[in-house]
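Enquirer: This is the structure, below, for whatever I ask next.
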Amino acid sequence: MDFHVIQQALPEMVTQLLGFLIVFFILKKFAFGSILGVIDARRKKIEDEFQGIERTKRELGDLETEYKRRLARIEDEARQKIQEAAEIGKTLAKEVQENAVQDAKKMVDRAKTEIANDLAQAKLVLRNEIIELSGLMTEKIIKHKLDSKEHERLVDQFIKEMERV
């Protein structure tokens, strides 16, 4: 390179450098500040949004945990209520069964009492009829003189009359 070329270009280069520095300082004072402010504001807004997103994610995680805990508690309560209802059902079924057994025993006892009463009444009626028949038999025996043939005939007749009754 030639030193002479550099000397001729030097004033022009200094002028361009000064022009560049003047433009740079003017832009720095007026334009870069507002541009950097806008960029900083945008960066701050983006950071705030990311922080908001993170906070929302944490809140959603907390809500999910809370809902899971509530759901588990509700399921536990439902299971417990189902078990209580089953126990109540078993108790009611047992009570119904016991009542039915007691009612059946009462009915059987009542039937036994009625049968005993009917049997006693039938025995009384039968006794009265036997007494009446014995009286009739005795009367017939006394009226007739009894020999063994006549006695046999009267007994057969008595048995036949008893069979009809």
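The values are calculated or read from the model by the stated rules, or taken from the named source; none is laboratory data. Predicted, not measured: the structure shown is a model, and the values here were computed from it. Cβ coordinates were reconstructed from backbone atoms using ideal geometry, including for glycine residues, and neighbour counts include every protein chain displayed.
Enquirer: State whether one or more residues within region 112-122 are at pLDDT below 80 and of a type in the set (A, V, I, L, M). Walk me through it before giving the result.
Expert: Here is the first cut: in region 112-122, the ones at pLDDT below 80 are none.
Among the residues of region 112-122, not one is at pLDDT below 80 and of a type in the set (A, V, I, L, M), which makes the answer no.
Enquirer: If we scan region 117-140, do we find a residue that is assigned to a helix (DSSP H, G or I) and in contact with a Leu (Cβ under 8 Å, 6 or more places away or on another chain)? It would help to see each step written out before you state the result.
Expert: As a first pass, look at region 117-140 and keep what is assigned to a helix (DSSP H, G or I): 117-140.
Filter once more, keeping what is in contact with a Leu (Cβ under 8 Å, 6 or more places away or on another chain): 137, 140.
Yes.
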